[in-house]
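Take a look at the structure set out below.
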Amino acid sequence: MDRKELIEQNLGLVHACANRFRGRGIEYEELYSAGCLGLVKAADGFREELGFAFSTYAVPAVLGEIRRLFRDGGAVKVSRSLKERSREAVKLSEKLTKENGREPTVTELSKILGIDCFAVSELLNISLPPVSLTASDDDNERQTDVPVPSGEDAIQDKLALEEVLKALPKKDQTLIRLRYFKGLTQSVTAKKLGMSQVQVSRKERAVLAIMRKKLTDDYSQSAT
């Protein structure tokens with residue numbers, strides 16, 4: 001598929017992303033135009049050999065351009081309806097954990113909720129509190145707070161693009177690949193990495209925050 005076809009066949013994706021930011025102080029036409037710019041950049045930079053779908057590559061580019069419109073006006077707020085959907089997803093996750101004796105994977109939740117993994121990951125991350133990125137896994141060590149983005153800003157399933165992953169320490173790369181590419185639970189991931197589930201949870205959210213910031217910064221710099 002050539003560049004023109006990629007763009008034309010994914011304009012619906014731009015509409016979907018722009019719709020998430022309706023009613024937040026910026027006209028829809030502006031949101032859509034910014035999203036289209038991100039889509040064009042994604043089409044220019046996409047390489048099939050990276051091994052993931054174009055939509056996976058395009059979404060952060062589209063959202064990155066849309067978010068630039070809000071930078072001067074503060075953070076994007078999470079709507080009440082989105083918070084409610086988030087609570088429902090969390091309750092379902094907790095219910096399945098009790099029934100099966102393990103936490104469900106993003107893929108399992110996606111099938112039950114009837115939405116894609118991208119959306120599931122957003123919903124699960126909305127209510128996450130700020131976590132700490134530490135130089136040590138020892139809770140007694142001094143910690144530096146790294147806020148985890150919520151709502152539409154949350155990092156989503158498989159948005160860990162190869163160029164971002166490669167910049168991470170090897171152990172962090174492995175953690176993200178096990179959780180988001182292989183769909184392993186935190187408990188199983190913890191056993192494979194020789195960590196506790198709590199450590200995996202804390203580290204995962206911190207690494208995702210770093211990845212999201214790196215991804216957004218890269219797209220912002222390319223737009224200036």
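Here are some notes:
- Hey, Val148 surrounded by 17 or more Cβ atoms within 10 Å (Cβ to Cβ), modelled with pLDDT under 70 and under 24 Å from Arg202 (Cβ atoms) or not: yes
- Residue check for Lys83: modelled with pLDDT under 80, part of a helix (DSSP H, G or I) and surrounded by fewer than 18 Cβ atoms within 10 Å (Cβ to Cβ): yes
- Residue within the stretch 29-49 that is more than 24 Å from Leu208 (Cβ to Cβ) and β-branched (Val, Ile, Thr) present: yes
- Qualifying residues in the stretch 23-65 (those that are acidic (Asp, Glu) and touching a residue at least 40 places away in the same chain (Cβ under 8 Å)) - the one nearest to Glu5 (Cα to Cα): Asp44
- Among residues of the stretch 175-204 that are on the phi > 0 side of the Ramachandran plot, those with a beta-carbon under 7 Å from a residue that is part of a loop (DSSP other than H, G, I, E, B) and buried (at least 17 other Cβ atoms within 10 Å of the Cβ) at least six positions away or on a different chain give the pairs Gly183/Thr105.
- Residue ID - farthest from the chain's Cα centre (by Cα), chosen from residues in the stretch 185-199 that are in a loop (DSSP other than H, G, I, E, B) and surrounded by fewer than 18 Cβ atoms within 10 Å (Cβ to Cβ): Gly194
- For the stretch 157-184, the candidate set comprises residues that are aliphatic (A, V, I, L, M) and not in a loop (DSSP other than H, G, I, E, B); within that set, the residue that is modelled with the highest pLDDT is Leu175.
- Residue list for the stretch 95-105, restricted to those being farther than 17 Å from Thr189 by Cβ and surrounded by 13 or more Cβ atoms within 10 Å (Cβ to Cβ): Leu96
- Any chance Val188 is at pLDDT 75 or above and closer than 24 Å to Leu63 by Cα: no
- Criterion: assigned by TED's automatic domain parsing to the domain that holds Ser187 and either buried (at least 21 other Cβ atoms within 10 Å of the Cβ) or modelled with pLDDT under 85 (or both) - qualifying residue of Glu108, Glu48, Glu88: Glu108
The values are calculated or read from the model by the stated rules, or taken from the named source; none is laboratory data. All values reported here derive from a predicted model rather than from experimental measurement. Cβ sites come from the backbone with ideal geometry, for glycine too, and all protein chains shown count toward neighbours.
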